[in-house]
Amino acid sequence: MNTLKRITLLLALVGCVFMMNAQLLIGGGLGYNDYVAGPGVIIKGEFEIMEDIVISPNASYFIGSKIYNQKRNLLAFDVNGQYIIEIMTDELKIYPLAGLNFSNYKTGGYYLEDGRVKERPIKGNALGLNVGGGGRWYLSDQMSVFAELKYTVSDISHAVLGAGILLEL
């Protein structure tokens, strides 16, 4: 029953967003995460809830470097709020951002036990807060490029630098 209520609430929120007739952008890009020291893929959406306020959900997957013979990776889901500041009308806009982050990570390392070195994978989840900023350059009415830098404060604090393309639907 609890799951049914959550699904109904989610559908109602999505319906309200589309009924608001807001500007909706979707796209993706590439990024770098310093926690896993590796590149990744970002899928990003943006929808305007007020004239200068944007909600931006995104998902990213970072394939980290291999350290201590352990693969490292991180899957993150973010929901950020952005306050849009026009620098050049209809061409360049910048924004500070703040939001929530959920990360699923896998790292690893070695430890000593009874005088022997053993491998230990480290897996887990972390909930955190994002702070950062970015900018968007409009190439046309329907296409823009973005770049942003954000820092996530959590049990596995990390910085993410990302850039990509957004298309207006």
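The numbers here are math on the coordinates, done by the rules we state, and not lab data. Keep in mind that what you see is a predicted model, and the values were worked out from it rather than measured. Virtual Cβ from ideal backbone geometry, glycine too; neighbours counted across all protein chains shown.
Going by how many other Cβ atoms sit within 10 Å of their own, how do 47, 77, 62 line up, fewest first? All intermediate terms of the calculation are to be shown ahead of the outcome.
On the way: 47 17, 77 13, 62 25.
Fewest-to-most Cβ neighbours within 10 Å comes out as 77, 47, 62.
Over the range 23-168, what is the relative contact order in whole percent, taking alpha-carbon pairs under 8 Å and six or more residues apart? Before the final figure, lay out the partial values.
On the way: 414 pairs, mean separation 32.8, N = 146.
Relative contact order comes out at 22 percent.
List, in order, the whole-Hz ³J(HN,Hα) value for each residue of the range 33-40 obtained from phi through the Karplus relation with A = 6.51, B = -1.76, C = 1.60 and θ = phi - 60°; use x for Gly and Pro.
Karplus values, whole Hz, x for Gly and Pro: 10, 7, 5, 9, 6, x, x, x.
Give the Rg (one decimal place) followed by the Dmax (whole number) of the range 23-168, computed from C-alpha coordinates and expressed in Å.
17.6, 66
Using packing as a proxy for protection, rank 148-154, 121-127 so that the peptide with the highest average count of other Cβ atoms within 10 Å comes first. Present the calculation step by step, with values, prior to reporting the outcome.
Working: 148-154: 18.7, 121-127: 12.0.
Packing order, densest peptide first, comes out as 148-154, 121-127.
Counting other C-beta atoms within 10 Å, which of 24, 169 has the fewest, and how do the rest follow?
Starting with the residue having the fewest Cβ neighbours, the order is 169, 24.
Could you list 65, 60 in order of exposure, starting from the residue whose Cβ has the fewest other Cβ atoms within 10 Å?
Numbers: 65 12, 60 23.
By the 10 Å Cβ count, ascending, the order reads 65, 60.
Sorted by mean Cβ packing within 10 Å, highest first, what order do the peptides 50-59, 82-91, 133-142, 29-38 take? The partial results should precede the final answer.
On the way: 50-59: 15.8, 82-91: 12.5, 133-142: 14.2, 29-38: 18.9.
Top to bottom by mean Cβ count within 10 Å: 29-38, 50-59, 133-142, 82-91.
Can you flag which of 123/150; 71/150; 118/150; 44/106 are past 32 Å Cα-Cα?
Working: 123/150 23 Å; 71/150 24 Å; 118/150 35 Å; 44/106 23 Å.
With Cα atoms farther than 32 Å apart: 118/150.
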